[in-house]
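Notes follow once the structure below has been shown.
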Amino acid sequence: MKLSEKAYQLIKEKIITLELRPLSVINERELMEELGLGRTPIREALYKLAHEDLVIIVPRRGMFVADISITDLLKLFELRVVLEGFCARLAAERRTEEQLAEADALLNELRNVSGDDYKALMDIDERLHKLMYEMSDNEFLIDILNRLYDHSLRLWYLTLDRLGNVRSSIEEHIGVMEAIKAGDGETAEKLIQQHIIEFQQKIKDAI
């Protein structure tokens, strides 16, 4: 992995998990010391994150972590409902046997996770969504959906202490993956859209 990609992944995780708080100043030197990386990969990573709207660059003032708002929530989920529905249809047509086996392994992992282990549940939810994106076999769609999901994940972390039980929401992936496995794109589309709409409402109620 290139150093700039390593820096990108590490800094993005800090932003998504709110270790770097919204609107906080980004200190390049502190990141260099903490991550053990040079200025060039750190700066390249920050510019990439700015392109993804996770970092704001203000000329002559510096770099800041992007804010989170209810407006962001509505816009994000509007797109995700449409695009993930389309993605589910493609996944039902294009998924491979290896991807289906990976989905089965993730769902088995989900069944063994405690309902109050939010970190593990969030990790499985992310991996299931991003596996479905890969099943679409459309790199442009995959790129867009990965970015939208990362922004949504920030909202999840923001409301984590007020969301309550999310296990039932994540278990909705079981039906989605069963439909994809059966090649039933229409049902997969309907179920993933319902999942996103209901989860959006949970987050909206918690903000």
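FYI, it's all coordinate maths here, none of it is from the lab. Keep in mind the model is a prediction, meaning the values are calculated, not measured. Every residue, glycine as well, gets a Cβ built from its backbone with ideal geometry; the counts of neighbours run over all protein chains shown.
Numbers for the structure displayed
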{"quantity": "For the range 1-66 and the range 68-92, distance of Cα centres in Å", "calculated": "25 Å"}
{"quantity": "Per DSSP, loop trypsin sites (Lys or Arg not before Pro) in the range 1-50 with at most 14 further Cβ within 10 Å", "calculated": "Lys2"}
{"quantity": "For the chain, alpha-carbon Rg relative to the globular expectation (2.2 N^0.38 Å, N residues)", "calculated": "1.07"}
{"quantity": "Radius of gyration, Dmax [the range 3-65; alpha carbons; angstrom]", "calculated": "10.4, 27"}
{"quantity": "Label-point gap, in nm, between Lys14 and Leu141 - each point 7 angstrom along Cα→Cβ", "calculated": "3.5 nm"}
{"quantity": "Rounded FRET efficiency, nearest 0.05, which uses the C-beta distance separating Glu109 from Asp72 and R0 of 35 Å", "calculated": "0.70"}
{"quantity": "Partner lysines for Lys119 [C-alpha distance under 22 Å; skip if fewer than 8 residues away on the same chain]", "calculated": "Lys6, Lys12, Lys14, Lys130, Lys202, Lys204"}
{"quantity": "Cα-Cα P(r), the range 82-172, percent of pairs per 10 Å interval", "calculated": "16, 45, 33, 6"}
{"quantity": "Karplus-derived 3J(HN,Hα), 6.51/-1.76/1.60, for each residue of the range 38-53, Hz, glycine and proline x", "calculated": "x, 5, 4, x, 5, 5, 4, 5, 5, 5, 5, 5, 5, 4, 8, 6"}
{"quantity": "For Val55, distant residues with modelled amide H under 5 Å away", "calculated": "Ala50, Ala66"}
{"quantity": "Under-5 Å amide H pairs with Ser24, H placed in peptide plane, nonlocal only", "calculated": "Val65"}
